[in-house]
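**Q** One structure is given below, represented as structure tokens, and several questions about it will come after.
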Amino acid sequence: MEQVVLNVAGMSCQHCKMAVEKALQNLSGVTHAEVDLAAKTVKISYETAQVTPEDFEKAVTDAGYEVVK
């Protein structure tokens, strides 16, 4: 099990939080995703054999938000 924290631009409300968490939790291998709106981050716990950080970026982008590096 690994953890990663991504900076995500464009999140400003509870709907944004739920949309990003749901998009990530729908990925096979993600065990937990938690958005911190104040910090504009999302902490993701995942199984490395099933999903990659690139998959997280695509899920966040597809949900309408931007991963900031």
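The values are calculated or read from the model by the stated rules, or taken from the named source; none is laboratory data. Computed from a prediction, not measured in an experiment: that's the story for all the values here. Here Cβ is always computed from backbone atoms with ideal geometry, including for glycine, and neighbour counts include all displayed protein chains. The accessibility values were calculated without ligands, DNA or RNA, using every heavy atom of the protein model including side chains. Shrake-Rupley method; radii C 1.70, N 1.55, O 1.52, S 1.80 Å.
**Q** Counting other Cβ atoms within 10 Å, which GluC sites (Glu not before Pro) in the chain have at most 13 and lie in a DSSP loop?
**A** In loop regions of the chain (DSSP not H, G, I, E or B), the sparsely surrounded GluC sites (Glu not before Pro) are 47.
**Q** Helix 53-62 against the longest principal axis of the chain: what's the angle in degrees, Cα atoms only, rounded to the nearest 10?
**A** 40
**Q** Now for a separate question. With just the Cα atoms of the range 1-61, tell me how far they stretch along each of the three principal axes, in Å, largest first.
**A** Result for the range 1-61: principal-axis Cα extents of 32, 17, 16 Å.
**Q** Using Cα pairs under 8 angstrom and six or more residues apart, how large is the relative contact order of the chain, in percent?
**A** Relative contact order for the chain comes out at 43 percent.
**Q** With angles folded into 0 to 90 degrees, how steeply does helix 14-25 sit against the dominant principal axis of the chain? Use alpha carbons for both and round to 10.
**A** Around 10 degrees separate the two axes.
**Q** Roughly how many Å² is the accessible area per residue of the chain, as a whole number, for a 1.4 Å probe?
**A** 60
**Q** With a 1.4 Å probe and every protein chain kept in, tell me what percent of the accessible surface of the chain is carbon plus sulfur.
**A** 49
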